[in-house]
Structures are given as structure tokens and as C-alpha cells.
Amino acid sequence: PDRLARLEREAQVLAQLEHANVAGVYGLEEAAVEGRNERFLVMQLAEGETLGDRLTAGALPLDDAVEIARQVALGLEAAHARGIVHRDIKPDNLYLVSGYETVFAKILDFGLAHMKGELRVTATGTVFGTPEYMSPEQARGAPISPATDLYSFGVVLFEMLTGELPFQGATTDLIFKHLREPPRAPSFHLGSIPPEIDELVLRLMEKAPDKRLSDAADLVAT
């Protein structure tokens, strides 16, 4: 039942979003499979690879990293404008569609998304997200906002630029570092990264949400 509820919520969230940089969902269907009724999402067909797959080869060229970041920001802008916070921005949830002259990114998996005005379906203090990309407020189980997505976005941008995560370690170490340890600038790992990109990444990864940009619309404007 919990998995079905998550699937239904994802369909509801994506039904509100029509944007080139968000994977489209056309419906929630049911079919008999080996004597069982299975529910599934009917989604837009796209061929390519996840950003996580691409990053196994290391850092991306600066122009590619900036272009992917721009497109993800546009997709998040559409979500945030509708009061939707993704809560799990990470390379495996960003898809790079093949068949285009330049990179074309889509955001996947809104199964953990939070919608504005939605009643709590989990207890206070429940932690959502992926430790390597988790914002400090997520790690504390505190209320989230669009700035939560921007922190995770900042970690992804850091990884695209450097081929490294800003923080490494076991889950408990990662959570402590997200809560307490300031990240190094991306240029520490790769000296050719421009100062303005350093500044943006470090602002996105501020520990306090009110010190980051407020939402993806601010990010796109930047």
C-alpha cells in the first residue's frame, strides 16, 4: 500500500507539470501480470543515460556542466512555481536524452516530492533524500522548502564540475559534514573553474536555507 500511494502521488505531482526538462507522465494504469493486478506509470519514452552514468567517466566539460545545470534549474523552476519540492535531486534522477546536438536534461522521479499545502503523511523527523546530496534541513528532519532542492542541486553541480563529491564517508559522516562542515570551492579540485561558478556553488550549499537563493526562479535569474 505504501508503494502504491507513492506511485499515485508521483502521478498527481507530474500531472501538474508540463515542462521540457521534466519527464512527462501520461497516466497511471493497471494490468493483470501473472495473476496479479499491477499498477504502473505510463511515461514519456526517452533514450539516453542518467547523469550518474555519465559521471562515472569523471568531471564534465565546463560548458556541458553549465548547460545541464541551466536546464535542471528550468525544470525545478516549473516545479517550485507550483509549490512542488522534489526532495531527491541527484545524478541518478537526472536523465540526459540522446539524439540532440547538445545535452538535453530531464528531471526524473518525483516519488518523494512534497506539494505545498499537502497534509503530512509521515511523522515529524522522518528523513527523505540521498545522504551524498542531502541538505542540512533534510538531515535534521526539519521543514523543507524550494531552497532544499537548491542545496542538492549545488552538490550535483559541484560533482559535475570536479568529478568529486564535496563530502565523502559513511552515511553518519556524510550527514555530519552536511550539517557542520563548509565545502571547499570547486576550484580547489580544478583550478580552471571560474570564480563566479565557485561563488554560485558555495551559495547554493550554504547550511542555512535563508542564505541560499530562495528558489529555482532566483537560480535561473542568476
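The values are calculated or read from the model by the stated rules, or taken from the named source; none is laboratory data. The structure displayed is predicted, hence computed values, not measured ones. All Cβ positions, glycine included, derive from the backbone under ideal geometry; neighbour counts span all protein chains shown. For accessibility, only protein heavy atoms count, side chains too; no ligands or nucleic acids. Shrake-Rupley method; radii C 1.70, N 1.55, O 1.52, S 1.80 Å.
Can you tell me the dipole magnitude for the chain around its Cα centre, using point charges on the Cβ only (Lys, Arg +1; Asp, Glu -1), in Debye to the nearest 20?
Here the chain has a charge dipole of around 760 debye.
Order the peptides 168-179, 104-115 from the highest to the lowest mean number of other Cβ atoms within 10 Å of their residues.
Averaged packing, sorted descending, gives the order 104-115, 168-179.
Can you bin the stretch 146-222 into rounded, prolate or oblate? Criterion: square roots of the alpha carbon gyration tensor eigenvalues sorted a ≥ b ≥ c, rounded for a/c under 1.5, prolate for a/b above b/c, oblate for the rest.
Oblate, because a/c is 1.5 or more while a/b does not exceed b/c.
Kindly rank 205-217, 43-55 from highest to lowest mean number of other beta carbons found within 10 Å of each residue.
Highest to lowest by the protection proxy: 205-217, 43-55.
How much of the accessible area of the chain, probe 1.4 Å, is carbon plus sulfur, in whole percent?
Of the solvent-accessible surface of the chain, carbon and sulfur hold 51 percent.
Looking at (1) 13.2; (2) 15.5; (3) 28.2, which value of mean projected area of the Cα convex hull in nm² comes from a calculation on the structure shown?
(1)
Largest first, what is the accessible-area ranking of S192, S135, S187 with a 1.4 Å probe?
Greatest to least solvent exposure: S192, S187, S135.
Expressed as a whole number of Å, what is the distance separating the alpha-carbon centroids of the stretch 44-117 and the stretch 172-190?
22 Å
Return one whole number: the accessible area per residue of the chain in Å², for a 1.4 Å probe.
52 Å²
Please compute the net charge surrounding R203, taking Lys and Arg as +1 and Asp and Glu as -1 over other residues with Cβ under 15 Å from its Cβ.
Charge balance near R203 sits at -4.
Can you return the aspartates and glutamates within cross-link range of K90? Criterion is Cα-Cα under 14 Å, with same-chain partners fewer than 8 residues away left out.
Qualifying aspartates and glutamates at Cα under 14 Å: E49, D53, D109, E132, D149, E159, E164.
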